[in-house]
1. How large is the accessible surface of residue 35 in square angstrom, using a 1.4 angstrom probe and rounding to the nearest 10?
2. According to the square roots a ≥ b ≥ c of the eigenvalues of the Cα gyration tensor, what is the shape class of region 240-326, taking rounded for a/c under 1.5, prolate for a/b larger than b/c otherwise, and oblate for the remainder?
3. Taking only Cα atoms, what is the 0 to 90° angle, nearest 10, from helix 127-138's long axis to the longest principal axis of the chain?
4. Kirkwood Rh, the chain, all Cα pairs: how many Å?
5. I'd like the per residue volume of the convex hull spanned by the Cα atoms of region 11-126, given in cubic angstrom.
6. For region 45-64 and region 94-143, what is the separation of their C-alpha centers, rounded to whole Å?
7. May I ask you to give the solvent-accessible area per residue for the chain, in square angstrom, as obtained with a 1.4 angstrom probe?
8. Net charge near residue 185: determine it from the other residues with C-beta under 15 Å of the C-beta of residue 185, scoring Lys and Arg +1 and Asp and Glu -1.
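The values are calculated or read from the model by the stated rules, or taken from the named source; none is laboratory data. For clarity, every value in this text was computed on a predicted model and none was experimentally measured. As a convention, Cβ positions derive from the backbone with ideal geometry for all residues, glycine included, and neighbour counts pool all protein chains shown. We work out accessible area using only protein heavy atoms, side chains counted, and drop any ligands, DNA or RNA first. Shrake-Rupley method; radii C 1.70, N 1.55, O 1.52, S 1.80 Å.
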Amino acid sequence: MKAAVYRATGSPDVLRIEDIPAPQPASGEVLVRIHASGVNPSDTKTRSGMFPLGDGWERMVPHNDGAGLIEDVGAGVSASRVGERVWLHTTQWGGFNGTAAAFAVARADRAIRLPDDVSFAAGATFGVPLLTAWQSVMMNGAVDGRTVLVQGGAGAVGNYAIQIARAKGARVITTVSAPAKAAAARGAGADEVIDYRRENVTARVLEATKGRGVDHLIEVNLSVNGPKLDAWVKPGGFIAVYGSDDPMAEIPAIGAIVRQLRFGFFLVYELAPDVLAAATRDLTELLASGRLQPYIDEVFPLERVADAHRRVEEGAALGNVVVSVA
């Protein structure tokens, strides 16, 4: 089968298109004919060598997310699933065979039915971004009637977080870095948009919340924003953290103690099975009802997978970057 592979970590230039053997589904797995593959920042960071892969690996097929048709099933999986349209998540995590290929194997419970009216390209944007967004909104319980601050509202996770929070009844404030990104965040449903490069975030947040701060904050980069969080969150408020460029990020400890702030840290790849089950049930309902809209920046052919990785690394993408495989 045709696949994107790399045999050493480094820049996007390490990516090559090769013909490799197609995988076969083991017990509890499905074989999916991939139509589209999603590119996440974690995929580019893995390729760059930021995330250790351990010893003994020879070849990596990248990407955790994708969408396609179930072609075959392993032992313990109902044959009735053959032909089912699905979206995949966390496919490559913990292994070496992701979705940037004609075929991929995935755990059956991580192959989620894709609504008939949703394209494969759109389905490839769900996975890690959508699950991360759901957990960042819902991990402290219902947000109905609360004010939620989403950092990076034009990003793949941020855009979905805005949509989910609005669907759950929250008022949403978000930060962006450019006018085009502000427009994208408003399109997702944000009530207030703050351009952090041109405006005073603290002043705008306090103005929008009548001086009290937000109830719930979703943090994409703790190493950048950590020192300011106690000024943006109300006493007793909650901060969901899913990212940090610096592994030793700082927070205002005394301010957080005095204001009794609560933090929730998570990695979408390591979410508990019951959390994933709840997320996929809820997201399936939201997708079926039309309350979640896909957010695609650009679609690249498989032969240009290196360009897709560069697009993600530039940080300018408005939404998800997708690779068309079929």
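1. 50 Å²
2. Working: a/c = 2.50, a/b = 1.43, b/c = 1.75.
Oblate, because a/c is 1.5 or more while a/b does not exceed b/c.
3. The helix 127-138 is inclined about 30 degrees to the chain.
4. 20.2 Å
5. So the per-residue Cα hull volume is 102 Å³.
6. What the calculation gives is 20 Å, centre to centre.
7. Working: 13730 Å² over 326 residues.
Counting only protein heavy atoms, the per-residue value for the chain is 42 Å².
8. Neighbour charge sum, excluding residue 185 itself: +2.
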